[in-house]
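> A single structure is presented below for examination.
The values are calculated or read from the model by the stated rules, or taken from the named source; none is laboratory data. Just so you know, these numbers come straight off a predicted model, no measurement behind them. Every residue, glycine among them, receives a Cβ derived from its backbone with ideal geometry; neighbour counts consider all protein chains shown.
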Amino acid sequence: MQKSLDIKLANIHRDPHGAKDFILADAKDADMAAGLAAPGKDARTGKIRSLADYRDQMREIVKQGLVDIMLMSCSTSEVLTINERIFDNSAITPAARANDTTDIHLQSGGVYPKEASRPFRSATIDQIQSGKVNPTDSERRLGADLGLYSITPNNDLDADYATLEAYKQFRIEAETKGFRHFLEVFDPNACGGECPADLGRFINDWIARTLAGVPSKSRPVFLKIAYHGPRAMEELVQYDPHLVAGILGGSSGTTHDAFKLLEESKKYGGRAALFGRKINNSEHQLTFVSYLRKIADGQIGAEEACRAYHGDLQKLNLKPYRALKDDLELTIQASSYAGTGSSVSLSKPTQKEPAKPQAGRIVASTVIAKPASNGPQPDFKKMTQAEKVAFARQRIKSDLARHNGD
């Protein structure tokens, strides 16, 4: 079956500014980052899901058919793509995480994200494509032909050199073996005193410079980056609309966080959204995804979708995690695994021109507005940079602790 991803990419490249296509991915590769915490909790029972439950959710979303990509770990892709063949008659493209750098190793008690990211790959391209080390040509076509490769620049020569060298070797191997990839560029996770003042510009420059020496056969099919606000998104898209900019979701946050993030990034030129925890930690994943699809296709606005989602939860006899009033808030949330990023407002604009994102590496967030009213909240305007960083990192710890049942 022809894949919706291929159709949409072709449309975008044919008419970069006029095409209305938007790529939506469910990122269920968290077992390569959070381990036992990856499956999250079942909203109805409150129990921690098993890996089997996690895979059942993937099967249901593939059957629903509203996302364009299902991103998995290599081991899960072997089960669903190679063994069960669930993508054969689906328009959804299977994809696997092609590397797992040290900054996404979030095992319980782990401290790796405190140090600059180091390149590492658990799975080989051969294993993603076939489930084995030395496949035949026919076996190579059994698995996924698309992978996510992530890099984390830290403005550090030695660390970034190793990162770029590893990416170069991956690209060469991928081109040789007919393997496509999309590129995830995280915000710095450990840049010490050399953190760029304008993080959005730094990441955009890094992307442009990194890909300038890469020919078309080895280039990523699209990007996955933290949303740094209207100016940064428009800057990247204006530079080269064929890069196909996509945003990552980050930590769970409120329902309005997720919906607004998708809506705003699309408004300023984003062409894709890859949400993991936002989907996985929702009360009802199929309903949540249905509204992501409607927003991506311009059928409904973010706030209206949030209200409608709560109405559907009531019909499903599911108690929402937050009251509607609280779920309509825009909150501080982490934009990357390691708790690093910039601070950008997704609140309603009060001026005609897009507001410029705040300079500096302040907090790990994609949004910063009035937080959900679950008890006393800090006054973010009066917080120091260190206090904002501490607050954001505590949100990540709480998120992971909730997944573990703590």
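> Might you let me know whether the stretch 53-63 holds any residue that is free of Cβ contacts under 8 Å to residues at least 40 places away in the same chain, in a loop (DSSP other than H, G, I, E, B) and closer than 21 Å to residue 1 by Cβ?
No, every residue in the stretch 53-63 fails to be free of Cβ contacts under 8 Å to residues at least 40 places away in the same chain, in a loop (DSSP other than H, G, I, E, B) and closer than 21 Å to residue 1 by Cβ.
> Among the listed residues 61, 48, 69, 92, which satisfies the condition of being touching a strand residue (DSSP E or B) at 6+ places or on another chain (Cβ under 7 Å) and at pLDDT below 95?
48
> Out of (1) surrounded by fewer than 19 Cβ atoms within 10 Å (Cβ to Cβ); (2) under 22 Å from residue 140 (Cβ atoms), what's the single condition that is false for residue 166?
The number of the failed condition is (2).
> Quickly run through the stretch 32-46 and pick out the residues that are surrounded by fewer than 20 Cβ atoms within 10 Å (Cβ to Cβ), in contact (Cβ under 8 Å) with a residue 40 or more places away in the chain and not hydrophobic (A, V, I, L, M, F, W, C).
35, 41, 44
> Next question. (1) part of a helix (DSSP H, G or I); (2) crowded, with 22+ Cβ neighbours inside 10 Å: which one isn't true of residue 217, the others all being true?
Only one criterion in (1) part of a helix (DSSP H, G or I); (2) crowded, with 22+ Cβ neighbours inside 10 Å is unmet by residue 217, namely (2).
> Among the residues of the stretch 29-42, is there at least one that is touching a helix residue (DSSP H, G or I) at 6+ places or on another chain (Cβ under 6 Å) and assigned to a strand (DSSP E or B)?
No, the conditions are met nowhere in the stretch 29-42.
> Among the residues of the stretch 166-183, which ones are free of Cβ contacts under 8 Å to residues at least 40 places away in the same chain and part of a helix (DSSP H, G or I)?
Correct list: 168, 169, 176.
> Can you tell me which residues in the stretch 188-225 are acidic (Asp, Glu) and under 20 Å from residue 239 (Cα atoms)?
198, 205
> Mind telling me which of the residues 186, 222, 202 ends up being closer than 23 Å to residue 166 by Cβ and touching a Phe, Trp or Tyr at 6+ places or on another chain (Cβ under 6 Å)?
Result: 222 is the single residue among 186, 222, 202 that is closer than 23 Å to residue 166 by Cβ and touching a Phe, Trp or Tyr at 6+ places or on another chain (Cβ under 6 Å).
> Which one is surrounded by the most Cβ atoms within 10 Å (Cβ to Cβ), of the residues in the stretch 109-129 that are assigned to a helix (DSSP H, G or I) and out of contact with any Ser or Thr (no Cβ under 8 Å at 6 or more places or on another chain)?
Only one residue fits best here, namely 129.
> Go through the stretch 221-242 and give me each residue that's surrounded by fewer than 22 Cβ atoms within 10 Å (Cβ to Cβ) and under 30 Å from residue 34 (Cα atoms).
Once the filter is applied, which keeps residues that are surrounded by fewer than 22 Cβ atoms within 10 Å (Cβ to Cβ) and under 30 Å from residue 34 (Cα atoms), the stretch 221-242 yields only 221.
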